[in-house]
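Colleague: Here's a structure for you.
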Amino acid sequence: MAMLEVKNLSISFGGLKAVNSFHVTIEKGQLYGLIGPNGAGKTTVFNLLTGVYKPDTGVISLDGQTITGKSTIEINREGIARTFQNIRLFHNLSVLDNVKAGLHNHYPYSTLSAVFRLPDYYKQEKAMNEKAMELLKVFDLDKEADYTASNLPYGKQRKLEIARALATEPKLLLLDEPAAGMNPNETAELMDTIRFVRDTFHMTILLIEHDMKLVAGICEKLTVLNFGQVLTEGDTQTVLHDPQVISAYLGE
(Lines give C-alpha, C1' and ligand atoms only; values in the text may rest on other atoms or scores of the structure.)
Protein backbone atom coordinates (compact mmCIF):
# COMPACT_ATOMS: atom_id res chain seq x y z
CA MET A 1 0.00 0.00 0.00
CA ALA A 2 1.30 3.44 -0.96
CA MET A 3 1.99 6.00 1.77
CA LEU A 4 0.46 8.80 -0.34
CA GLU A 5 -1.92 8.45 -3.25
CA VAL A 6 -3.38 11.53 -4.92
CA LYS A 7 -5.86 11.39 -7.78
CA ASN A 8 -7.35 14.16 -9.97
CA LEU A 9 -6.48 16.98 -7.54
CA SER A 10 -7.54 20.41 -8.80
CA ILE A 11 -8.12 23.90 -7.46
CA SER A 12 -8.93 27.26 -9.06
CA PHE A 13 -8.49 30.80 -7.77
CA GLY A 14 -10.63 33.45 -9.41
CA GLY A 15 -11.17 31.31 -12.47
CA LEU A 16 -7.46 30.48 -12.83
CA LYS A 17 -6.67 26.75 -12.62
CA ALA A 18 -3.73 26.73 -10.19
CA VAL A 19 -3.52 22.92 -10.03
CA ASN A 20 -5.20 20.75 -12.65
CA SER A 21 -5.74 17.00 -12.25
CA PHE A 22 -2.58 16.50 -10.18
CA HIS A 23 -1.73 12.89 -9.35
CA VAL A 24 1.08 11.13 -7.55
CA THR A 25 1.76 7.82 -5.81
CA ILE A 26 4.54 7.68 -3.23
CA GLU A 27 5.57 4.40 -1.64
CA LYS A 28 6.48 4.01 2.02
CA GLY A 29 10.06 5.04 2.74
CA GLN A 30 10.50 6.79 -0.60
CA LEU A 31 12.36 10.06 -1.09
CA TYR A 32 10.27 11.80 -3.73
CA GLY A 33 10.76 15.17 -5.42
CA LEU A 34 8.25 17.65 -6.80
CA ILE A 35 9.94 20.11 -9.16
CA GLY A 36 8.98 22.72 -11.73
CA PRO A 37 9.44 26.37 -12.68
CA ASN A 38 8.38 29.21 -10.39
CA GLY A 39 4.60 29.49 -10.30
CA ALA A 40 4.08 25.90 -11.46
CA GLY A 41 1.81 25.11 -8.51
CA LYS A 42 4.18 23.15 -6.27
CA THR A 43 3.48 24.96 -2.99
CA THR A 44 -0.24 24.98 -3.84
CA VAL A 45 -0.04 21.17 -3.97
CA PHE A 46 1.56 21.18 -0.50
CA ASN A 47 -1.20 23.48 0.76
CA LEU A 48 -3.81 21.07 -0.61
CA LEU A 49 -2.11 18.06 0.97
CA THR A 50 -1.97 19.77 4.37
CA GLY A 51 -5.50 21.21 4.41
CA VAL A 52 -4.56 24.87 3.97
CA TYR A 53 -6.69 24.79 0.83
CA LYS A 54 -9.68 22.55 0.11
CA PRO A 55 -9.55 21.01 -3.38
CA ASP A 56 -12.27 21.58 -5.97
CA THR A 57 -11.89 17.97 -7.08
CA GLY A 58 -9.73 15.00 -6.24
CA VAL A 59 -8.93 12.46 -3.56
CA ILE A 60 -5.98 12.42 -1.15
CA SER A 61 -5.21 9.16 0.66
CA LEU A 62 -2.56 8.76 3.36
CA ASP A 63 -1.57 5.21 4.24
CA GLY A 64 -4.89 3.96 2.89
CA GLN A 65 -7.06 6.53 4.68
CA THR A 66 -8.85 9.34 2.84
CA ILE A 67 -7.93 12.76 4.25
CA THR A 68 -9.47 14.96 1.55
CA GLY A 69 -11.04 18.12 2.97
CA LYS A 70 -9.82 17.64 6.54
CA SER A 71 -8.41 20.55 8.54
CA THR A 72 -4.69 21.20 8.94
CA ILE A 73 -4.79 19.96 12.55
CA GLU A 74 -6.66 16.79 11.59
CA ILE A 75 -4.26 16.09 8.74
CA ASN A 76 -1.28 16.60 11.02
CA ARG A 77 -2.79 14.12 13.48
CA GLU A 78 -3.34 11.68 10.62
CA GLY A 79 0.40 11.86 9.89
CA ILE A 80 1.50 14.69 7.57
CA ALA A 81 3.97 17.33 8.75
CA ARG A 82 5.71 20.04 6.75
CA THR A 83 8.35 22.72 6.69
CA PHE A 84 8.16 25.97 4.73
CA GLN A 85 10.26 27.76 2.13
CA ASN A 86 10.35 30.78 4.45
CA ILE A 87 11.25 29.33 7.83
CA ARG A 88 8.35 29.53 10.27
CA LEU A 89 9.78 28.97 13.71
CA PHE A 90 8.50 30.50 16.93
CA HIS A 91 11.41 32.92 16.86
CA ASN A 92 10.97 34.27 20.40
CA LEU A 93 10.77 30.82 21.97
CA SER A 94 13.73 28.66 22.88
CA VAL A 95 15.01 25.91 20.62
CA LEU A 96 13.67 23.36 23.11
CA ASP A 97 10.21 24.97 23.27
CA ASN A 98 9.97 25.01 19.48
CA VAL A 99 10.31 21.24 19.41
CA LYS A 100 7.97 20.83 22.37
CA ALA A 101 5.32 22.74 20.40
CA GLY A 102 5.27 19.84 17.97
CA LEU A 103 4.76 17.32 20.76
CA HIS A 104 1.50 18.61 22.21
CA ASN A 105 -0.68 16.37 20.04
CA HIS A 106 0.93 13.36 21.69
CA TYR A 107 1.31 14.64 25.26
CA PRO A 108 -2.06 16.18 26.15
CA TYR A 109 -2.96 17.44 29.60
CA SER A 110 -5.98 19.34 30.82
CA THR A 111 -6.16 23.11 31.26
CA LEU A 112 -6.94 22.50 34.92
CA SER A 113 -3.77 20.45 35.30
CA ALA A 114 -1.68 23.21 33.66
CA VAL A 115 -3.21 26.11 35.60
CA PHE A 116 -2.89 24.47 39.01
CA ARG A 117 0.35 22.65 38.20
CA LEU A 118 -1.06 19.26 39.15
CA PRO A 119 1.22 16.17 39.17
CA ASP A 120 0.01 15.18 35.69
CA TYR A 121 1.29 18.47 34.30
CA TYR A 122 4.82 17.91 35.61
CA LYS A 123 4.80 14.32 34.42
CA GLN A 124 3.88 15.38 30.89
CA GLU A 125 6.37 18.27 30.89
CA LYS A 126 9.16 15.92 31.92
CA ALA A 127 8.25 13.47 29.16
CA MET A 128 8.11 16.25 26.55
CA ASN A 129 11.45 17.69 27.66
CA GLU A 130 13.09 14.29 27.35
CA LYS A 131 11.58 13.57 23.93
CA ALA A 132 12.45 17.06 22.65
CA MET A 133 16.06 16.68 23.80
CA GLU A 134 16.29 13.33 22.01
CA LEU A 135 15.25 15.00 18.76
CA LEU A 136 17.63 17.91 19.29
CA LYS A 137 20.52 15.47 19.78
CA VAL A 138 19.67 13.84 16.45
CA PHE A 139 20.22 17.21 14.76
CA ASP A 140 23.17 18.21 16.97
CA LEU A 141 21.13 21.05 18.46
CA ASP A 142 21.00 19.87 22.07
CA LYS A 143 23.74 22.27 23.15
CA GLU A 144 21.60 25.16 21.87
CA ALA A 145 18.41 23.96 23.58
CA ASP A 146 18.12 27.13 25.68
CA TYR A 147 18.97 29.52 22.84
CA THR A 148 16.26 31.72 21.40
CA ALA A 149 15.40 30.20 18.02
CA SER A 150 16.06 33.47 16.16
CA ASN A 151 19.67 33.44 17.40
CA LEU A 152 20.51 30.21 15.60
CA PRO A 153 22.48 30.36 12.33
CA TYR A 154 20.33 29.95 9.22
CA GLY A 155 21.32 26.33 8.56
CA LYS A 156 20.51 25.33 12.12
CA GLN A 157 17.14 27.06 11.93
CA ARG A 158 16.37 24.80 8.97
CA LYS A 159 17.32 21.77 11.05
CA LEU A 160 15.20 22.98 13.96
CA GLU A 161 12.16 23.33 11.71
CA ILE A 162 12.62 19.73 10.55
CA ALA A 163 13.05 18.57 14.16
CA ARG A 164 9.82 20.33 15.15
CA ALA A 165 7.97 18.69 12.26
CA LEU A 166 9.29 15.27 13.30
CA ALA A 167 8.06 15.90 16.84
CA THR A 168 4.50 15.48 15.53
CA GLU A 169 5.45 11.87 14.64
CA PRO A 170 4.44 12.05 10.97
CA LYS A 171 4.22 9.25 8.45
CA LEU A 172 4.92 11.68 5.62
CA LEU A 173 7.23 14.70 5.82
CA LEU A 174 6.82 17.53 3.31
CA LEU A 175 9.87 19.76 2.81
CA ASP A 176 9.25 22.99 0.90
CA GLU A 177 12.56 24.13 -0.64
CA PRO A 178 14.70 23.10 2.35
CA ALA A 179 17.91 24.28 0.63
CA ALA A 180 16.61 27.80 -0.05
CA GLY A 181 19.19 30.37 1.04
CA MET A 182 21.87 27.81 1.83
CA ASN A 183 25.48 27.88 0.67
CA PRO A 184 26.98 24.74 -1.00
CA ASN A 185 28.42 23.39 2.26
CA GLU A 186 25.10 23.80 4.06
CA THR A 187 23.29 22.15 1.15
CA ALA A 188 25.63 19.15 1.25
CA GLU A 189 25.03 18.82 5.00
CA LEU A 190 21.28 19.12 4.42
CA MET A 191 21.40 16.23 1.93
CA ASP A 192 23.02 14.07 4.59
CA THR A 193 20.41 15.20 7.12
CA ILE A 194 17.49 14.31 4.85
CA ARG A 195 18.92 10.86 4.12
CA PHE A 196 19.53 10.37 7.85
CA VAL A 197 15.94 11.36 8.69
CA ARG A 198 14.54 8.95 6.10
CA ASP A 199 16.70 6.04 7.28
CA THR A 200 16.56 6.68 11.04
CA PHE A 201 12.86 7.49 11.32
CA HIS A 202 11.76 5.20 8.45
CA MET A 203 10.21 8.35 7.01
CA THR A 204 8.53 8.92 3.68
CA ILE A 205 9.61 12.32 2.33
CA LEU A 206 8.22 14.54 -0.41
CA LEU A 207 10.23 17.65 -1.18
CA ILE A 208 9.96 20.70 -3.38
CA GLU A 209 13.36 21.94 -4.50
CA HIS A 210 15.00 24.12 -7.14
CA ASP A 211 18.54 22.92 -6.40
CA MET A 212 18.93 20.24 -9.06
CA LYS A 213 22.15 18.93 -7.51
CA LEU A 214 20.26 18.18 -4.30
CA VAL A 215 17.33 16.68 -6.25
CA ALA A 216 19.61 14.45 -8.30
CA GLY A 217 21.54 13.44 -5.19
CA ILE A 218 18.71 12.27 -2.95
CA CYS A 219 15.41 11.85 -4.81
CA GLU A 220 14.50 8.42 -6.12
CA LYS A 221 11.53 9.60 -8.19
CA LEU A 222 10.25 12.93 -9.46
CA THR A 223 7.08 14.58 -10.64
CA VAL A 224 7.46 17.73 -12.74
CA LEU A 225 4.74 20.37 -12.61
CA ASN A 226 4.29 23.09 -15.21
CA PHE A 227 1.35 25.52 -15.28
CA GLY A 228 -0.39 23.44 -12.61
CA GLN A 229 -0.28 20.20 -14.57
CA VAL A 230 1.93 17.13 -14.38
CA LEU A 231 4.44 17.45 -17.20
CA THR A 232 6.19 14.14 -16.57
CA GLU A 233 7.08 11.72 -13.77
CA GLY A 234 9.39 8.79 -13.17
CA ASP A 235 12.88 7.83 -12.02
CA THR A 236 15.01 10.88 -11.21
CA GLN A 237 17.71 10.53 -13.85
CA THR A 238 15.21 9.74 -16.60
CA VAL A 239 13.10 12.77 -15.71
CA LEU A 240 16.05 15.16 -15.45
CA HIS A 241 17.17 14.22 -18.97
CA ASP A 242 13.67 14.55 -20.44
CA PRO A 243 13.67 17.27 -23.16
CA GLN A 244 10.29 18.54 -21.86
CA VAL A 245 11.79 19.14 -18.43
CA ILE A 246 14.88 20.84 -19.82
CA SER A 247 12.65 23.07 -21.97
CA ALA A 248 10.41 23.98 -19.01
CA TYR A 249 13.39 25.07 -16.91
CA LEU A 250 15.08 26.94 -19.73
CA GLY A 251 11.85 28.82 -20.27
CA GLU A 252 11.58 29.82 -16.58
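Colleague: Among the numbered criteria (1) touching a strand residue (DSSP E or B) at 6+ places or on another chain (Cβ under 8 Å); (2) open to solvent by less than 50 Å² (accessible area, probe 1.4 Å); (3) in a helix (DSSP H, G or I), which single criterion is violated by Asn76?
Modeller: It fails just one condition, (1).
Colleague: Limited to region 21-31, what total is found for residues that are open to solvent by 10 Å² or more (accessible area, probe 1.4 Å) and either of a type outside the set (S, T, N, Q) or under 18 Å from the mean Cα position of the chain (by Cα) (or both)?
Modeller: Final tally of qualifying residues: 6.
Colleague: Suppose we filter region 2-20 for residues that are in a strand (DSSP E or B) and surrounded by fewer than 16 Cβ atoms within 10 Å (Cβ to Cβ); how many remain?
Modeller: 6
Colleague: May I pose another question? Looking at region 45-76 only, could you name the residues that are of a type outside the set (A, V, I, L, M, F, W, C) and in contact (Cβ under 8 Å) with a residue 60 or more places away in the chain?
Modeller: Answer for region 45-76, where residues must be of a type outside the set (A, V, I, L, M, F, W, C) and in contact (Cβ under 8 Å) with a residue 60 or more places away in the chain: Thr50, Asp63, Gly64, Asn76.
Colleague: So which residues in region 26-42 are closer than 15 Å to Val224 by Cβ and not hydrophobic (A, V, I, L, M, F, W, C)?
Modeller: Result: Tyr32, Gly33, Gly36, Pro37, Asn38, Gly39, Gly41, Lys42.
Colleague: Within region 109-119, identify whether any single residue is at pLDDT below 95, open to solvent by 20 Å² or more (accessible area, probe 1.4 Å), of a type in the set (Gly, Ala, Ser) and part of a loop (DSSP other than H, G, I, E, B), and answer yes or no.
Modeller: Within region 109-119 (the criterion being at pLDDT below 95, open to solvent by 20 Å² or more (accessible area, probe 1.4 Å), of a type in the set (Gly, Ala, Ser) and part of a loop (DSSP other than H, G, I, E, B)), the answer is yes, since at least one residue qualifies.
Colleague: A further question on this structure: For region 21-69, how many residues meet the condition of being part of a strand (DSSP E or B) and hydrophobic (A, V, I, L, M, F, W, C)?
Modeller: Count: 9.
Colleague: Name the strands (runs of 3 or more DSSP E) wholly inside region 156-252 in which the number of residues that are in contact (Cβ under 8 Å) with a residue 12 or more places away in the chain and either of a type in the set (Lys, Arg) or open to solvent by 30 Å² or more (accessible area, probe 1.4 Å) (or both) is 1 or more.
Modeller: Where strands (runs of 3 or more DSSP E) fall fully within region 156-252 and carry at least 1 residues being in contact (Cβ under 8 Å) with a residue 12 or more places away in the chain and either of a type in the set (Lys, Arg) or open to solvent by 30 Å² or more (accessible area, probe 1.4 Å) (or both), they are 221-226, 229-235.
The values are calculated or read from the model by the stated rules, or taken from the named source; none is laboratory data. Model, not experiment: these values are computed from the prediction. Cβ atoms come from the backbone with ideal geometry, glycine included; neighbour counts cover every protein chain shown. Side chains are part of the model used for accessible areas, which takes the heavy atoms of the whole protein and leaves out ligands, DNA and RNA. Shrake-Rupley method; radii C 1.70, N 1.55, O 1.52, S 1.80 Å.
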